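Reading through the structure tokens given below for one structure.
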Amino acid sequence: MLPDVNKEIVLRTDASDIGLGVTLLQKRDGHIFPVAYTSRKLLDREKRYSVMERECLGIVWGIKKFALYLYGKQFTLQTDHRPLEFLKVSKFDNPRIMRWVLALQSFVFRVEHIKGKDNVGADFLSRVPV
């Protein structure tokens with residue numbers, strides 16, 4: 001399905017111990033439809049990141065991967081990692097996360113927490129990365 005530029009876009013991300021998973025979705029007529037999926041394995045050094053860093057890496061990687069669809073358009077970022085709800089307003093002591101937050105400043109999005117059971121696509125992709 002090709003995305004309709006006039007409809008709301010939702011990006012769902014997740015990270016596991018072995019990979020990152022991202023789903024690009026679009027809301028149409030009250031339903032959410034998949035547009036694209038992607039995943040990747042974590043590098044050895046990334047496997048040593050904290051949970052917060054891995055989840056944030058998943059967000060940054062997903063936004064960059066789908067930048068063509070997201071740049072210049074407001075979208076909703078959904079994550080099952082509650083601390084990242086405050087990604088755009090919190091001050092982080094971690095330099096890596098601070099760099100990632102700066103890298104995302106050119107994108108217009110709101111962060112929304114969703115239950116892990118509702119993040120099925122991204123969760124599956126993060127556990128079985130290709």
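All of the numbers you see were taken from the coordinates with simple rules; none came from a lab. What you see is a predicted model; the values in this text were computed from it and never measured. Cβ placement follows ideal geometry from the backbone for every residue including glycine, while neighbour counts extend to all protein chains displayed.
Once C-alpha pairs closer than 8 Å and six or more residues apart are averaged by separation and normalised to the residue number of the chain, the relative contact order reads 36 percent.
Taking Cα atoms only, the orientation of helix 51-65 departs from the longest principal axis of the chain by about 40 degrees.
Only alpha carbons enter this Debye calculation for the range 9-127, each as an equal point scatterer, and the log10 of I(q)/I(0) it gives at q = 0.15 Å⁻¹ is -0.60.
Taking amide H positions as modeled 1.01 Å from N, with prolines and chain starts lacking one, the residues under 5 Å from Leu42 and 5 or more places away or on another chain are Gly19, Leu20.
Kirkwood hydrodynamic radius computed over the range 88-130 comes to 12.8 Å, based on all pairs of distinct alpha carbons.
Place a +1 charge on the Cβ of each Lys and Arg in the chain and a -1 charge on the Cβ of each Asp and Glu, then give the dipole magnitude about the Cα centre in debye, rounded to the nearest 20.
Values: 22 positive and 15 negative charges, 55 e Å.
About 260 debye.
Spin-label model, Ile18 to Arg110: label points 7 Å out along the Cα-to-beta-carbon direction sit 3.7 nm apart.
For the pair Glu53 and Asp4, label points projected 7 Å from Cα toward Cβ lie 4.3 nm apart. This ranking places Val35, Val111, Val51 by how few other beta-carbon atoms lie within 10 Å of each, fewest first, which gives Val51, Val111, Val35. Fewest neighbouring Cβ atoms within 10 Å first, the residues Leu42, Leu11 line up as Leu42, Leu11. Projecting the Cα atoms of Pro129, Val60, Thr76 onto the dipole axis of the chain, where Lys and Arg carry +1 and Asp and Glu carry -1 at the beta carbon, places Val60 farthest toward the positive end. Taking the number of Cβ atoms within 10 Å of each Cβ as an exposure proxy, the fewest-first ranking of Met98, Met52 is Met98, Met52.
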